[in-house]
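Enquirer: The structure follows.
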Amino acid sequence: TSSWTSMFPDLGNSRVNVLKGAEAAVKYGAKGLLMTEWGDFGHIQFDFAMQHGLIYAGALSWNLEGNRDFSLTCDYADRTLYKCRKGSVSDIVLKGADLYDTHYFWMYHRDFTNNHDPKRDGSFCYDHYLKVKLGMADIIGVVKALELSSDDGELPKEELIASAELYTVMTEFMLLRLEYAENGAIEDFDSKLEKFLSEYERVKAEVKRLWNERNKEFDNDCMFRLMQKGI
């Protein structure tokens, strides 16, 4: 499902892998297709992060030629799983997936002294985090306007918002680190830190609350420990 080390799945990677796997299965006469959902570094992604990958794998396993078009998976998810009356959960998940580069996860526990980002370019890194921050604000607004008849009620909307809020906190954290790395200090440090920690605690509590709604009790806050280490 390519949702590891992220809250929004890497659907570009997932759907290519699944399609190639299904094509190979048909070509070589496999008896089935194994689809996996990974949860590295604490597995804090919510239910929605795996759904499109699972639906696509199931559809291709049943009818490869008839279900190649990933938009059919998106339509199915919106119509049958989330029962969207207004808006599209699939569009939101795709936007979140496009915004965040999972390679940046590693930066949460790296020293900025010599390596500002995966491409060794601090300005690119700053642009990425700023883009994610602004994009997540847009996502939150769109999610609030969603109308669903899902069997889970408003829970999918709450999970989407919490995921976007967590990314926002993560990007704020990285922007502060980059400011320090660039200038050797953070302007208005005390007020920025107080604001950041307040939002950090709020989002952390919300993520844990929502996780416990349908999963085993949240007892592995790996992402939050990484941020605490950086703080």
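Enquirer: Counting Lys and Arg as +1 and Asp and Glu as -1, each charge on the Cβ, what is the dipole of segment 165-214 about the Cα centre in debye, to the nearest 20?
Expert: Numbers: 8 positive and 12 negative charges, 82 e Å.
So the magnitude is around 400 debye.
Enquirer: Another question, then. Evaluate segment 1-88: find the radius of gyration of its Cα atoms, find its Kirkwood radius, and give the ratio Rg to Rh.
Expert: My calculation of the ratio gives 0.99.
Enquirer: Same structure, new question: Take the Cα gyration tensor of segment 21-60, multiply each eigenvalue by 5, square-root it, and list the three semi-axes largest first, rounded to whole angstrom.
Expert: With the √(5λ) rule applied to segment 21-60, the semi-axes are 25, 11, 6 Å.
Enquirer: Right, here's the next one. Starting from the Cα of LYS86, draw a straight line to each of the lysines and keep only those under 21 Å, dropping any in the same chain fewer than 8 residues away.
Expert: LYS86 reaches LYS95, LYS144, LYS157.
Enquirer: Calculate one ³J(HN,Hα) per residue across segment 16-32 by plugging θ = phi - 60° into the Karplus curve 6.51 cos²θ - 1.76 cosθ + 1.60, and present them in order as whole Hz with x for glycine and proline.
Expert: Taking θ as phi minus 60°, the curve returns 5, 4, 5, 5, 5, x, 5, 4, 5, 4, 5, 4, 9, x, 5, 8, x Hz for segment 16-32.
Enquirer: Using the heavy atoms of the protein chains and a 1.4 angstrom probe, tell me the accessible area per residue for segment 21-76 in square angstrom.
Expert: Per residue, segment 21-76 has 56 Å² of solvent-accessible surface.
Enquirer: With the Cα gyration tensor of segment 1-48 giving a ≥ b ≥ c as the square roots of its eigenvalues, does the rule (a/c under 1.5 for rounded; else a/b larger than b/c for prolate; else oblate) give rounded, prolate or oblate? Numbers along the way, then the final one.
Expert: On the way: a/c = 3.59, a/b = 2.31, b/c = 1.55.
Cα axes put segment 1-48 in the prolate bin.
Enquirer: List every residue whose amide H lies under 5 Å from the amide H of LEU148, counting only residues 5 or more places away in sequence or on a different chain, with H placed 1.01 Å from N in the peptide plane.
Expert: Amide H neighbours of LEU148, under 5 Å, 5+ apart: ARG85.
Enquirer: Give me a comma-separated list of calculated 3J(HN,Hα) values for segment 155-161, in order, Karplus coefficients 6.51, -1.76, 1.60 applied at θ = phi - 60°, integers in Hz, x for any Gly or Pro.
Expert: Calculated HN-Hα couplings, in order: 4, x, 5, 4, 5, 5, 5 Hz.
Enquirer: Now for a different question. Any idea what the dipole of segment 1-108 comes to, in debye rounded to 20, about its Cα centre with Lys/Arg Cβ at +1 and Asp/Glu Cβ at -1?
Expert: Value, rounded to 20: 300 debye.
Enquirer: Please give the peptides 184-196, 156-168, 4-16 ranked by average Cβ packing (other Cβ atoms within 10 Å per residue), highest first, as a rough proxy for protection.
Expert: Final packing ranking: 156-168, 4-16, 184-196.
Enquirer: Now a separate question. For segment 1-100, state which GluC sites (Glu not before Pro) are in a DSSP loop and have at most 13 other beta carbons lying within 10 Å of their beta carbon.
Expert: When the GluC sites (Glu not before Pro) of segment 1-100 are filtered for loop state and at most 13 Cβ neighbours within 10 Å, GLU65 remain.
The values are calculated or read from the model by the stated rules, or taken from the named source; none is laboratory data. Given the structure is predicted, the values throughout are model-derived calculations rather than measurements. All Cβ positions, even for glycine, are placed from backbone atoms using ideal geometry, and neighbour counts span all protein chains on display. Heads up: the accessible areas ignore ligands, DNA and RNA and are worked out on the full protein's heavy atoms, side chains in. Shrake-Rupley method; radii C 1.70, N 1.55, O 1.52, S 1.80 Å.
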